[in-house]
Amino acid sequence: MSAIATDSQHPPASPGHAHYVAHERAAGVDPAALVEDMNDAQAQRAAARAELDACRAPELLTEAEVYAMLDSLGDVRSELKRANPARLEELFAEWRLEGAYNAEERTVDVTIRPLSRVSAGVRGGT
């Protein structure tokens with residue numbers, strides 16, 4: 001990435017440019033200071049871009065992997081019916097499980113936000 005040229009490095013591109021620079025100088029603006037600020041901003045932008053380019057894309061689970069995880073849980077419905085409500089509350093808090101019931105559709109939208117990097121959402125009827 002190249003730095004922005006100052007007036008001392010290159011002549012003005014047009015007579016209008018020279019008038020603008022003269023007007024800014026008359027107003028007390030130091031063009032060199034503006035160039036320095038712009039160069040700093042470009043350097044920060046380049047550093048941020050390099051940091052973003054170095055980030056790895058998140059590893060997403062395939063649909064098959066999600067179903068395999070759900071299948072490994074076994075018969076959740078019967079287990080939940082027999083479970084101690086206090087223990088369920090602890091478990092749901094541990095899993096950071098949230099649910100929103102839609103009475104009209106008789107469905108529950110469930111979101112689980114485990115502490116690991118994996119986040120999953122499941123929508124199921126009652």
Residues within the stretch 57-98 that are exposed (fewer than 10 other Cβ atoms within 10 Å of the Cβ) and more than 21 Å from residue 113 (Cα to Cα), tallied: 5
Breaking point among (1) touching a helix residue (DSSP H, G or I) at 6+ places or on another chain (Cβ under 9 Å); (2) at pLDDT below 80; (3) assigned to a strand (DSSP E or B), for residue 98: (2)
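The values are calculated or read from the model by the stated rules, or taken from the named source; none is laboratory data. Owing to the predicted nature of the structure, the values given are computational and were not obtained by experimental measurement. Quick reminder, even Gly has a Cβ in these numbers, built from the backbone with ideal geometry, and neighbours come from all protein chains shown.
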